[in-house]
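The values are calculated or read from the model by the stated rules, or taken from the named source; none is laboratory data. Values in this document were obtained by computation on a predicted structure and should not be read as measured data. All Cβ positions, even for glycine, are placed from backbone atoms using ideal geometry, and neighbour counts span all protein chains on display. For accessibility, only protein heavy atoms count, side chains too; no ligands or nucleic acids. Shrake-Rupley method; radii C 1.70, N 1.55, O 1.52, S 1.80 Å.
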Amino acid sequence: MTFEELGVCQEIRTAIEELGFEHPMPIQEAVTPILLSSDAEGEKDLIALAQTGTGKTAAFGLPLIQRVAQRREEINNSKATLAVILSPTRELCLQIADDLRDFSKYLNHINIVAVYGGTSIIDQIRQLRHGAQVIVATPGRLIDLIERGKADLSNVEYVVLDEADEMLNMGFTDSINAIFDQLPEERQTLLFSATMSKEIEKIAKSYLHDYKEVVVGSRNEGAEHVNHIYYMVNAKDKYLALKRIVDYYPRIYGIVFCRTKVETQEIADKLIRDGYNAESLHGDLSQQQRDLTMQKFRQHLTQLLVATDVAARGLDVDDLTHVINYSMPDDTESYTHRSGRTGRAGKKGTSIAIIHSRERHKVRDVEKTIGKEFVAGKLPTPQDICTKQLFRAIDEIEKTDVIDEQIEPFMLEIRRHFEYVDKEEILKKVVSREFGHFLKYYANAPEIEEVKIEKGGKKKKDDGGTNWKTKKPREGVQEGYTKLFINLGRNDRFFPGEVMQFINRNVPGRQEVGHIDIMPAFCLIEVPSEDVRKVIKSLNGCHYHNKKVTCREDSEKKARPMPKHRSRQMNERKALFEMLGQKEEGWARRRPKKK
């Protein structure tokens with residue numbers, strides 16, 4: 001199949017040939033003929049389900065600009081807006097507009113304007129005044145322009161919702177409804193999505209008529225070329241596991257996804273401090289900072305991008321090797337979008353999830369949705385990593401280009417310096433310089449405790465030493481450690497991940513922590529004995545969700561608070577004894593014994 005056979009005109013074919021388009025991709029083969037012959041009865045509107053990176057911009061873009069060019073010649077109003085494309089983010093909006101301009105290079109008088117938030121609306125209004133046959137917009141900015149009377153959609157004949165599931169996830173439902181209220185009833189509506197959720201079906205029923213559904217791959221499926229792996233570790237070991245994974249793949253180029261802006265910045269800061277080429281991307285950054293960060297990442301100047309889901313939406317990079325889920329998302333659709341950013345354009349990709357036992361169910365939910373099984377990975381050992389890094393160093397030395405002309409004047413001095421150093425010693429020095437820091441780190445690297453799941457889904461070794469079956473603190477203390485009491489527990493939503501974040505945020509320097517026992521009303525943590533004073537001083541008086549923190553050395557003799565529900569039960573029982581004029585012991589004796 002060729003683009004000519006699909007019905008694409010000569011002007012557009014010339015432009016896309018210059019861009020390197022040779023043969024249409026499956027989504028383009030399926031969609032383009034439908035859109036170019038949309039006068040056929042029953043095929044006016046369209047839903048296309050396909051993953052990001054499968055070529056859907058060209059699938060709707062090529063026939064769209066061809067139809068717009070034809071309609072522009074047929075109507076008298078040359079400045080009328082004939083097509084609107086809605087996208088969830090500024091980045092995707094700009095990318096679509098750039099692609100359409102490239103496709104329409106040899107078509108006369110097709111003006112494509114991108115309108116989006118985070119930049120001057122005055123400049124965009126000025127562009128619209130000159131006439132925009134195609135508007136590519138984020139929903140919020142387009143609503144603003146409509147309300148100002150600067151965007152006229154009364155002549156629109158074609159509407160495209162790109163990444164529709166993403167727009168709904170980001171809360172644009174009301175904006176989309178408001179935009180459709182401004183559109184003519186007679187129009188062609190195209191909806192592109194990676195997943196077919198209930199919300200997408202609702203939008204389809206509301207605004208699409210007699211639509212045809214095209215599925216490339218299968219509904220709600222992860223990218224075909226993506227391997228899915230999970231590593232199960234204790235919550236306190238997640239960052240150490242991340243470092244091992246990154247170290248094991250020397251040429252990794254990927255995104256590390258976190259749940260919150262705070263976690264994203266913390267992980268990025270740790271990676272940068274430990275010498276990794278990483279940057280953060282989240283909503284607390286200014287638009288200028290985000291643009292610069294994404295520009296560096298696209299140009300491969302940044303190796304690891306640590307990002308939230310919202311910030312990374314619309315980031316279109318074809319050659320990501322890995323997506324790492326440092327924190328699993330709450331819904332499977334978000335995971336599908338994350339993993340779909342790798343394994344694109346026919347290349348292989350890997351999606352990794354670093355989980356603890358309480359997140360195992362999320363992996364099962366994703367497996368059911370995408371129809372693929374995760375492989376349970378075993379973290380690489382220090383020896384595996386050092387071997388891999390050694391071969392990388394040797395390979396880079398071998399591939400280094402020698403610039404004879406420039407280096408020759410210095411060779412006499414170089415030979416004099418190394419005159420009494422044998423070849424083997426020079427090789428050791430060069431290789432040690434290239435990857436010596438890995439040898440030093442992994443010679444004394446912290447151990448990562450293996451976590452196994454027994455039959456029935458029970459965890460053999462938990463997130464911090466707590467016996468979760470009896471809910472009692474683990475007995476004994478590691479040698480060289482001291483157990484501290486903190487008045488925060490599960491009732492305060494203080495779980496192992498929050499413990500580490502709280503300590504790292506409030507204790508100066510990088511604080512090592514041993515076992516963590518979390519009870520309903522308090523927790524016990526083990527810290528190196530030499531750090532006890534520092535930790536107690538730093539944590540005492542801090543606040544966690546408006547609760548003042550108390551931290552001290554733990555002693556069995558000192559009373560520990562009981563859970564709130566137990567405290568309430570004790571008070572009610574005591575009041576009952578007083579009312580009956582009985583002693584608690586006598587009441588307890590008269591209770592029937594359990595058989």
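For the range 38-179, what % of the accessible area comes from carbon and sulfur atoms, probe 1.4 Å? Carbon and sulfur: 41 percent of the exposed surface of the range 38-179.
A 1.4 Å probe run over the protein chains yields, for the range 279-416, 51 Å² of accessible area per residue, whole-number rounding.
Counting only protein heavy atoms and using a 1.4 Å probe, the accessible area of residue 129 comes to about 150 Å². Towards the positive end of the charge dipole of the range 163-272, with charges on Cβ (+1 Lys, Arg; -1 Asp, Glu), say which of 256, 168, 178 has the farthest Cα. The residue sitting most towards the positive pole is 256. Shape class for the range 60-198, computed from the alpha carbon gyration tensor (a ≥ b ≥ c): rounded, with a/c under 1.5.
Return the long-range amide H neighbours of residue 482 (sequence gap of 5 or more, or a different chain), with a cut-off of under 5 Å between placed amide H atoms. It is 527, 529, by chain and number.
Annotation: amide H-H contacts under 5 Å for residue 214 (H modelled 1.01 Å from N, sequence separation of 5 or more, or interchain): 47, 48, 49. To put it simply, the accessible area of the range 480-551 at a 1.4 Å probe is 47 percent carbon and sulfur.
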